[in-house]
1. Determine, yes or no, whether Y226 is in a helix (DSSP H, G or I) and surrounded by 14 or more Cβ atoms within 10 Å (Cβ to Cβ).
2. So the check is Cβ under 7 Å with 6+ separation or different chains; which pairs have a first residue in the stretch 159-175 that's of a type in the set (F, W, Y) and a second one that's outside any strand (DSSP E or B) and surrounded by 12 or more Cβ atoms within 10 Å (Cβ to Cβ)?
3. If you go through the stretch 109-161 one residue at a time, how many are of a type in the set (G, A, S), surrounded by 23 or more Cβ atoms within 10 Å (Cβ to Cβ) and over 21 Å from P202 (Cα atoms)?
4. Step by step: first the residues of the stretch 406-440, then only those that are closer than 25 Å to H469 by Cα and small (G, A, S), then the one that is surrounded by the most Cβ atoms within 10 Å (Cβ to Cβ). Which residue is that?
5. Among the residues of the stretch 376-388, are any crowded, with 18+ Cβ neighbours inside 10 Å, under 15 Å from L322 (Cα atoms) and touching a residue at least 12 places away in the same chain (Cβ under 8 Å)?
6. Kindly evaluate L269 against the criterion of being touching a strand residue (DSSP E or B) at 6+ places or on another chain (Cβ under 9 Å), within 16 Å of G308 (Cβ to Cβ) and surrounded by 22 or more Cβ atoms within 10 Å (Cβ to Cβ).
7. Pick from A345, A340, A305: which is surrounded by 21 or more Cβ atoms within 10 Å (Cβ to Cβ), on the phi < 0 side of the Ramachandran plot and not β-branched (V, I, T)?
Amino acid sequence: MLAPVALLALLGCAPPAADETGADAEPQAPRPNILFLFADDQRADTIGAWGNDLIDTPNLDRLVAEGWSFRRNYVFGSNSGAVCVPSRAMVLTGRSWMRSPNRMEGVPTLPRLLESAGYRTFITGKWHNGEEALLRAFDRGTAIYLGGMADHTQTEVQDIENGGMVRRRAGETFSSELFADAVIEFLDEQAGAKASGESDQPFFAYVPFTAPHDPRQPPPEYRERYYQRNLPLPANYMPQHPFDNGALILRDENLAAWPRNEDVIRDQLAEYYGLISHLDEQVGRILDALDENGQAENTIVVYAADHGLAVGSHGLLGKQNLYEHSMRCPLIIRGPGIPAGTTDAFTYLYDLFPTLLAAGGVEAPPGIDGRDLALLWSGGDPTWRKSVFLPYRDLMRAVRDDRYKLIVYPLVNHRQLFDLSDDPDELNNLIADPDHAETAARLEALLEGWQTAMGDTVPLSVSDPAPLHRDLTGTEREPDRWQPDWIVEKYFDVAAD
């Protein structure tokens with residue numbers, strides 16, 4: 001049997017040697033600042049400049065025009081229904097969730113490695129990986145939300161001070177504004193210290209927003225804007241998911257009744273788009289602050305999201321599935337030495353770890369899964385990964401190559417095969433088509449190879465499968481405690497069902 005490293009090489013996914021990443025190269029002077037803006041639950045198809053003419057994202061469009069877009073960027077699945085938890089751990093450690101605990105015990109983190117190399121680090125926004133992990137990673141931060149989700153109008157936040165959390169309080173502004181205010185204040189302080197000669201220290205600022213995660217409660221004018229546009233349903237809208245994928249009864253899926261109602265999905269899309277447009281405005285404020293402070297030319301700006309979201313696609317609302325709408329997520333990088341352009345190379349969010357370390361002149365530690373993305377904007381081979389592997393708990397496994405995608409549901413012994421070239425919305429399951437039997441077998445073998453390489457022991461079938469079909473019509477629902485009154489009234493009232 002091939003060793004895991006050899007298998008990874010055959011799959012086109014092995015991490016490159018250190019000299020290929022540039023991690024051993026002499027750091028440039030001055031070293032760049034790094035500003036990492038991280039959205040929560042944002043689909044990759046919700047950026048105007050990436051082809052969505054229904055949404056207003058002028059500031060993300062600006063980043064697209066000035067930076068490098070990664071159009072086939074993925075989160076490496078999840079070991080939790082709270083997909084954001086492993087996603088953020090993977091970004092900050094460069095390791096898949098199969099190689100790193102969600103609370104990042106015992107592994108070096110991106111902020112600590114940059115700090116050890118002379119960077120001043122800062123966090124504001126959402127941290128869902130535990131307080132101890134936060135304090136291991138950062139010494140400085142303001143307006144930090146220790147949780148998974150909250151009412152955006154009264155987000156409870158704290159600050160880091162003297163190795164502990166202090167000043168617990170309710171945010172006085174909308175969450176995206178609150179976090180933008182905090183990082184702008186930090187940027188102003190950094191610019192002032194540099195101008196006065198007090199400090200020439202580069203910074204790493206990590207800004208994980210809570211938007212556009214639900215509650216889908218943008219300021220009224222933002223949701224009204226999209227209500228008035230009468231948004232079309234997703235091309236892959238369905239009233240219910242066609243079979244039980246093992247993740248149908250979750251908090252995310254509880255936000256609308258079954259079967260999904262077309263008007264409800266349109267309104268929830270409008271609210272989702274409103275959150276994104278409001279977030280986009282805060283991104284614009286932050287970019288403007290960089291310009292006004294004279295920091296823009298020497299600052300790498302990363303914009304990404306932790307994963308996507310269904311919002312009505314395939315009869316689903318959440319991200320606990322392996323369809324493109326939920327696993328593919330935005331990634332844009334702008335900064336010194338980074339040209340404007342785009343790539344369709346397969347990338348993972350955890351590739352940001354070695355990329356940002358290399359930019360700061362820091363050698364990446366051994367044992368990571370990520371690869372330096374600079375190879376792609378520097379003219380490297382766009383087929384550096386020939387496929388991507390997407391594992392979700394023990395419920396689903398998927399692999400995709402340049403054209404085809406196989407999704408396996410082991411607990412119900414079900415498979416889906418999609419030709420993404422002809423069927424990007426993943427509607428036409430080809431698994432029973434004799435003309436695609438060879439393709440299905442090839443992808444099954446590819447999936448098994450990935451499992452071996454990553455040490456994944458989940459079987460792809462079971463001897464006693466659960467029933468395949470499940471009708472959720474009329475299933476009782478209760479709102480979670482974070483939903484505001486108007487959402488409860490609109491989406492959980494019996495009349496609304």
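1. In short, yes.
2. Sorted first by the residue in the stretch 159-175, then by its partner, the pairs are F174/H152; F174/T153; F174/P219.
3. Of the residues in the stretch 109-161, 1 are of a type in the set (G, A, S), surrounded by 23 or more Cβ atoms within 10 Å (Cβ to Cβ) and over 21 Å from P202 (Cα atoms).
4. Step by step, filter the stretch 406-440, then rank; the result is A440.
5. Yes: the stretch 376-388 contains one or more residues that are crowded, with 18+ Cβ neighbours inside 10 Å, under 15 Å from L322 (Cα atoms) and touching a residue at least 12 places away in the same chain (Cβ under 8 Å).
6. Taking the combined requirement at face value, the residue does not satisfy it.
7. Being surrounded by 21 or more Cβ atoms within 10 Å (Cβ to Cβ), on the phi < 0 side of the Ramachandran plot and not β-branched (V, I, T) holds for just one of A345, A340, A305, which is A305.
Per-residue answers, yes or no, for (1) at negative phi; (2) modelled with pLDDT of 95 or more; (3) not in a helix (DSSP H, G or I):
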{"site": "L7", "(1), (2), (3)": "yes, no, no"}
{"site": "P30", "(1), (2), (3)": "yes, no, yes"}
{"site": "F36", "(1), (2), (3)": "yes, yes, yes"}
{"site": "T46", "(1), (2), (3)": "yes, yes, yes"}
{"site": "R62", "(1), (2), (3)": "yes, yes, no"}
{"site": "R72", "(1), (2), (3)": "yes, yes, yes"}
{"site": "R88", "(1), (2), (3)": "yes, yes, no"}
{"site": "N102", "(1), (2), (3)": "yes, no, yes"}
{"site": "E115", "(1), (2), (3)": "yes, yes, no"}
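The values are calculated or read from the model by the stated rules, or taken from the named source; none is laboratory data. Remember, it's a predicted structure, so these values are computed and weren't measured experimentally. Cβ sites come from the backbone with ideal geometry, for glycine too, and all protein chains shown count toward neighbours.
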